[in-house]
1. Which ones in region 115-124 are surrounded by 16 or more Cβ atoms within 10 Å (Cβ to Cβ), in contact (Cβ under 8 Å) with a residue 12 or more places away in the chain and either under 21 Å from residue 287 (Cα atoms) or out of contact with any helix residue (DSSP H, G or I) (no Cβ under 9 Å at 6 or more places or on another chain) (or both)?
2. Within region 282-330, which residues are part of a loop (DSSP other than H, G, I, E, B), surrounded by fewer than 20 Cβ atoms within 10 Å (Cβ to Cβ) and over 21 Å from the mean Cα position of the chain (by Cα)?
3. I'm told residue 158 meets every condition in (1) farther than 30 Å from residue 302 by Cβ; (2) touching a residue at least 24 places away in the same chain (Cβ under 8 Å); (3) within 16 Å of the ligand (Cβ to nearest atom) except one. Can you identify the failing condition by its number?
4. I want to confirm something. Restricting to region 315-340 and keeping residues that are out of contact with any helix residue (DSSP H, G or I) (no Cβ under 8 Å at 6 or more places or on another chain) and within 14 Å of the ligand (Cβ to nearest atom), which single residue is farthest from residue 144 (Cα to Cα)?
5. Quick one: what pairs do we get from region 340-351, first residue outside the structural domain of residue 382 (by TED's automatic domain parsing) and assigned to a strand (DSSP E or B), second surrounded by fewer than 19 Cβ atoms within 10 Å (Cβ to Cβ) and modelled with pLDDT under 95, C-beta under 7 Å, 6+ apart or different chains?
6. Filter region 17-41 down to the residues that are near the ligand (Cβ under 8 Å from one of its atoms) and either buried (at least 24 other Cβ atoms within 10 Å of the Cβ) or within 14 Å of residue 103 (Cα to Cα) (or both) and list them by number.
7. When you scan region 277-289, do you find a residue that is within 21 Å of residue 158 (Cα to Cα) and modelled with pLDDT under 95, even just one?
8. How many residues does region 268-310 hold that are more than 10 Å from the ligand (Cβ to nearest atom) and within 25 Å of residue 151 (Cβ to Cβ)?
Ligand SMILES: Cc1cc2nc3c(=O)[nH]c(=O)nc-3n(C[C@H](O)[C@H](O)[C@H](O)COP(=O)(O)OP(=O)(O)OC[C@H]3O[C@@H](n4cnc5c(N)ncnc54)[C@H](O)[C@@H]3O)c2cc1C
């Protein structure tokens, strides 16, 4: 039986950076995942494929609205299979890059599914079913990620009732699509299909879309998404779903409606398949693998990171876990702090937020000042035809950033200014000394910070 210092189950944004870091430190490291799955959900079924489709959708939107830029384009159309092909090429390129990087770092790769047993023995069933081998490790890390959670009461026919996995590989754009769940995945994929002509209805049972986003922004975005072609119903429940003659019948708040397809986007659950047919037990807590401050599970020297453990289910959080765990193993006294994990929605307009929102500040009775700036007053945004949106910054009375919400162009990039300002405790006065190039979208962030203390020029 081959022995390693560390065996990692799962090659996603949690598992693969941990493997590379530790191998480069001289550890004997192995990683187990199916060959087609390196990069994990993020690369194969999540972040990257959705962003590839959103990029095609955005380009199509610009093409249809070429006249806004003084251009003419007499006929606009799209080729869905080519859009999917582009998406697959991107994921393949990135996947190959990860595998090469792991090999170069000295990581041993096992392609297959790992089952964890006692004494950190892992049975790897090869992807091609040719053989099962056993390996053992001093330490095991479960970076097994998550899979779509579809309630058992909903039909399981994935030809009609999609999860995000089926939506990302749909053979054509459906005429109508019901999206159950107004979270990030539902809204992003809803916008893709709406842009390509589907009649999309998003139903969210909570009073607002995008949980975690502040109420006011979530409300403000409803007409924005309506204009983008999405019918969004909040505070309404999809009570029942059934298949009728190859289509879906949905009962929404007592009324019946028909759709070609349904996307069930109500959340994800930890992939516990590593315990299939195993006699090992691992404690869970609220559906996640239970860990201590050092990512150790209820089994000694078995660790877990990423979507499998508490905290936001995001790729950058999984990679952060990997970084903290690697640092702890190298003797650094660090523990994870998720208070500044940025959340991003890559729709058009983009939405991003970090830190505390107004509701949370009020709840905690923290005094704050609000600064705002509008993209309609930002030169770069207007030249790009992106004048919709605003930045809201929330500052403490001594000028430290407590939280920020952005909706508008490149929100997912601009939010880094907010995270940096907060993380390093930069005061508003020091921040306004930082020279922002002109014209840029990030100037709008500086303006918002200055406006919070009444110092903004355009105020
Ligand atoms: C549609 C969609 C869009 C998303 N968009 C974003 C986004 O824009 N930004 C963002 O930050 N996050 C996004 N996410 C979330 C993001 O994909 C996850 O948070 C991230 O992938 C979690 O990383 P991970 O390493 O913990 O797990 P995963 O990426 O899920 O990787 C786990 C890996 O483990 C493997 N595995 C599981 N069990 C075993 C086993 N027993 N043996 C061997 N291998 C195993 C799986 O095959 C998988 O490759 C999105 C998710 C979805 C579904």
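1. 115, 116, 117, 120, 121, 124, listed by residue number.
2. Within region 282-330, 282, 283, 290, 292, 293, 294, 298, 299, 300, 301, 330 meet the criteria.
3. All conditions pass for residue 158, except number (2).
4. Among residues in region 315-340 that are out of contact with any helix residue (DSSP H, G or I) (no Cβ under 8 Å at 6 or more places or on another chain) and within 14 Å of the ligand (Cβ to nearest atom), the one farthest from residue 144 (Cα to Cα) is 324.
5. 343/212
6. If the condition is that a residue be near the ligand (Cβ under 8 Å from one of its atoms) and either buried (at least 24 other Cβ atoms within 10 Å of the Cβ) or within 14 Å of residue 103 (Cα to Cα) (or both), then 32, 33, 38, 39, 40, 41 are the ones that fit.
7. The answer is no, given that none of the residues of region 277-289 is within 21 Å of residue 158 (Cα to Cα) and modelled with pLDDT under 95.
8. 11
The values are calculated or read from the model by the stated rules, or taken from the named source; none is laboratory data. This one's a predicted model, so the numbers in the text were calculated from it and none came from an experiment. With ideal geometry, Cβ positions are generated from the backbone for all residues, glycine too; neighbour counts draw on all protein chains shown.
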